[in-house]
1. Rounded to the nearest 20 Debye, what is the dipole magnitude of the range 342-445 about its Cα centre when Lys and Arg each give +1 and Asp and Glu each give -1 at the C-beta?
2. Dipole of the chain (Lys/Arg Cβ +1, Asp/Glu Cβ -1, origin at the Cα centre): which of Thr308, Asn56, Tyr327 lies farthest to the positive side?
3. How large is ³J(HN,Hα) for each residue in the range 6-20, as worked out from phi by the Karplus curve 6.51 cos²θ - 1.76 cosθ + 1.60 (θ = phi - 60°), to whole Hz, x for Gly and Pro?
4. Could you give the length gained on full extension between Asp273 and Cys103, defined as 0.36 nm per residue of separation minus the Cα-Cα distance, in nm?
5. So what are the ³J(HN,Hα) numbers for the range 275-289, from phi and the Karplus equation (6.51, -1.76, 1.60; θ = phi - 60°), rounded to whole Hz, Gly and Pro as x?
6. Taking H as built 1.01 Å from N, whose amide H comes closer than 5 Å to the amide H of Asp213, not counting residues under 5 places away?
7. In square angstrom, rounded to the nearest 10, how much accessible surface does Asp354 have for a 1.4 Å probe?
8. Amide H to amide H under 5 Å from Leu234: which residues, 5+ apart in sequence or cross-chain, H placed 1.01 Å off N in plane?
Amino acid sequence: MSDGFAHSKSALRELAQAALDHAAARGASACEVDVSEGFGQSVSVRRQEVETIEYNRDKGLGVTVYLGQRRGHASSSDFSPAAMAATVDAALSIARFTAEDDCAGLPEARLLAKRDMDLDLFHPWDISVEGAIEIARRCEQAAFDVSPLIRNSEGASVSAQQSHFVSANSLGFMGGFATSRHYVSCSVIAGAGEDMQRDDWYASRRNAAEFPDAARIGDYAARRALSRLNGRKLKTRKCPVIFEAPLASGLIGSFVHAISGGALYRKTSFLVDSLSRRIFPDFVRISERPHIRGGFASSPFDDDGVATHDREVVEGGVLQGYFLSVYSGRKLGMPTTGNAGGSHNLLVRPGTHDLAGLLRVMGSGLLVTELLGQGVNYVTGDYSRGAAGYWVENGEIAYPVEEITIAGNLREMFAGIVDIGNDIEVRGSKQVGSILVECMTVAGN
């Protein structure tokens with residue numbers, strides 16, 4: 001088939017419709033179907049030798065059926081008519097033994113996406129294995145060329161991936177599209193003896209033509225590793241903390257988790273009942289933009305088939321809306337926000353400073369460039385993570401630090417944001433620059 005897929009878009013649509021028809025014939029009151037296919041290749045080299053070559057090709061059929069308020073789900077990787085019928089029948093069997101749930105069911109028909117939308121999400125990368133190996137080698141060699149102190153490598157990798165899908169339900173909705181996502185990465189080790197440090201860097205793009213030169217990625221990974229040599233420990237203290245942009249997206253991710261439907265209706269979030277309340281300082285604005293062309297989280301509809309739309313999640317520091325699916329919205333007595341499956345392209349309004357300017361604003365404090373562990377309690381908001389980075393004095397990096405822990409409470413951290421940088425590194429669904437937090441506890445010696 002075209003574009004390397006084994007199944008055309010029309011074939012996926014026909015399979016989805018066949019599953020809907022079979023579910024209706026077997027007595028389902030409603031049904032929704034997802035059919036997908038993806039494939040790609042990844043190569044990695046280490047010290048210029050090929051370490052791995054991997055091919056992946058996957059496909060899946062997921063069927064959810066409803067018998068009134070009873071729900072059943074089953075899936076298969078077999079697209080044959082017999083397997084499709086067996087999958088639908090398995091979902092129906094599960095539904096018959098499932099307790100009724102007043103919130104189960106399809107969206108209201110008026111909420112479903114009505115039109116296709118070309119968001120420029122599909123740019124297949126027709127690169128040979130030999131070509132990918134050459135890029136990975138050039139990336140890694142650029143790292144070794146920076147300094148003889150780059151003594152070892154954890155490898156450089158190149159990956160090209162593409163997929164397409166169709167979602168449909170018994171209310172007449174059927175939609176889908178193809179996407180691509182590719183990356184180039186490098187991780188190296190600097191130093192010798194007991195003073196060894198590693199760091200990495202990577203770039204991810206939908207369109208491989210937009211990649212920076214692979215040598216730049218390797219070069220930057222090496223410089224980051226070198227800058228961490230001769231790291232020191234800090235005495236325990238309270239001080240301002242800057243989260244470097246790639247880590248700042250994790251802070252925003254914690255915020256999204258805390259205001260997502262599942263955590264809210266289960267009351268496992270420290271931000272329960274926070275709608276229309278101030279969460280951040282008044283200069284913070286977080287926008288959701290699902291229709292950005294080429295965006296990593298762009299989509300005309302969510303996993304329920306509900307049409308997506310632009311909105312302001314935070315305006316003037318005040319929470320304007322949650323992230324709700326049809327189900328979680330019903331559990332909370334609220335309408336869906338079109339976020340079944342997650343958020344869509346969250347843009348945090350940047351300030352006027354780049355990272356160097358943000359360091360000057362901070363004066364003295366900690367710049368965090370690596371986080372370890374998963375120490376976030378979403379019930380209380382308590383936050384504690386292993387960390388590494390740099391101590392900053394008079395607005396300049398003074399020396400690297402390691403083997404420390406940073407701790408605080410997310411509610412206080414969000415309220416204590418002093419500034420947000422404009423050094424945005426677009427890698428995923430959350431676009432945010434480095435974030436300066438007024439005060440956290442840094443535990444060391």
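The values are calculated or read from the model by the stated rules, or taken from the named source; none is laboratory data. Everything numeric here is computed off the predicted structure, so don't read it as measured data. Positions of Cβ are generated from backbone atoms using ideal geometry, with glycine treated the same way; all protein chains shown enter the neighbour counts. Remember, those area values only see protein heavy atoms, side chains included, never the ligands or the DNA or RNA. Shrake-Rupley method; radii C 1.70, N 1.55, O 1.52, S 1.80 Å.
1. Using Cβ point charges on Lys, Arg, Asp and Glu, the range 342-445 gives about 380 debye.
2. So the residue we want is Tyr327.
3. With coefficients 6.51, -1.76 and 1.60, one gets 7, 10, 6, 4, 5, 5, 5, 5, 5, 5, 4, 5, 4, 5, 4 Hz.
4. Answer, rounded to one decimal: 59.2 nm.
5. 4, 6, 9, 6, 10, 10, x, 5, 8, 8, 10, 10, 10, 9, 10
6. none
7. Per-residue accessible area (Asp354): approximately 80 Å².
8. Answer set, sorted by chain and number: Glu402, Asn445.
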